Every structure is written in structure tokens, then in C-alpha cells.
């Protein structure tokens, strides 16, 4: 049951990543330059209050290093790439077992 849920989340994640690639591509073609929707832009679009509440949660840990170089770098990555990698990870975790060949266990 869990593997089915992971594969389903992976497929929906890949579909969303594909939609984001198409969105960035059409925006880039129309603007005649490269546009990439960052994770921060997507998060702000979906839930701006939660993004603002994450910074005070991460800043006190590791002397502020956890927020500034780590989280800010992650939030600047293209959203389609991050979502695609997470979706592929979910699909790999939820893949069915390979059948045994022969009699060896």
C-alpha cells in the first residue's frame, strides 16, 4: 500500500514538474530570454505566509548557517528540477521488487 502511494506521489510530482517545464519554456519563448521559476517563487505563489514563517524556524540552528547559505541556495534552484528529483526519488522508493530468477534466494 505504501509503495503504491509513493509511486502515485512520484507520478503526480513528475506531471507537475513537466507542467513547470512547459510554463518556464513558454515564458522564455515569449520573453525572448531564459526564465526559471525558483522554488521560492513557487512557494510564494502557493503559500506566502508559510515561507515567511520558515526563516525564523531555521535561523537559530547551526549559527544561522542553515538559513543563509543552505536554505537560500535551495530556494533559488529551479522548481521543476527540485520537484522532478523528488518525484523520481519517490518512484524509486515505491518500485516493485524484481522477480527472482531461478531457485536462489
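The values are calculated or read from the model by the stated rules, or taken from the named source; none is laboratory data. Quick caveat, the model's predicted, so the values are computed rather than measured. Note that each Cβ is placed from the backbone with ideal geometry, even for glycine, and that neighbours are counted across all protein chains shown.
Table: residues versus (1) under 21 Å from residue 10 (Cα atoms); (2) at pLDDT 85 or above; (3) outside the structural domain of residue 24 (by TED's automatic domain parsing).
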residue: 44; (1), (2), (3): no, yes, yes
residue: 49; (1), (2), (3): no, yes, yes
residue: 54; (1), (2), (3): no, yes, yes
residue: 64; (1), (2), (3): no, no, yes
residue: 68; (1), (2), (3): no, no, yes
residue: 71; (1), (2), (3): no, yes, yes
residue: 87; (1), (2), (3): yes, yes, no
field: Criterion violated by residue 29 - all others in (1) at pLDDT 95 or above; (2) under 15 Å from the mean Cα position of the chain (by Cα) satisfied
entry: (2)
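To keep it simple, each residue is scored yes or no on (1) in contact with a helix residue (DSSP H, G or I) (Cβ under 6 Å, 6 or more places away or on another chain); (2) surrounded by 12 or more Cβ atoms within 10 Å (Cβ to Cβ); (3) in a helix (DSSP H, G or I).
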residue: 10; (1), (2), (3): yes, yes, yes
residue: 17; (1), (2), (3): yes, yes, yes
residue: 35; (1), (2), (3): yes, yes, no
residue: 42; (1), (2), (3): yes, yes, yes
residue: 51; (1), (2), (3): yes, yes, yes
residue: 70; (1), (2), (3): no, yes, yes
residue: 96; (1), (2), (3): no, no, no
residue: 101; (1), (2), (3): no, no, no
field: Verdict on residue 59 being within 18 Å of the chain's Cα centre (by Cα) and either under 16 Å from residue 77 (Cα atoms) or not assigned by TED's automatic domain parsing to the domain that holds residue 89 (or both)
entry: no
message: Need the failing condition index for residue 3 against (1) within 27 Å of residue 88 (Cα to Cα); (2) without any contact (Cβ under 8 Å) to a residue 40 or more places away in the chain; (3) in the same structural domain as residue 90 (by TED's automatic domain parsing), just the number.
response: (2)
- request: Kindly establish whether residue 76 is over 30 Å from residue 97 (Cα atoms) and touching a strand residue (DSSP E or B) at 6+ places or on another chain (Cβ under 7 Å).
  value: yes
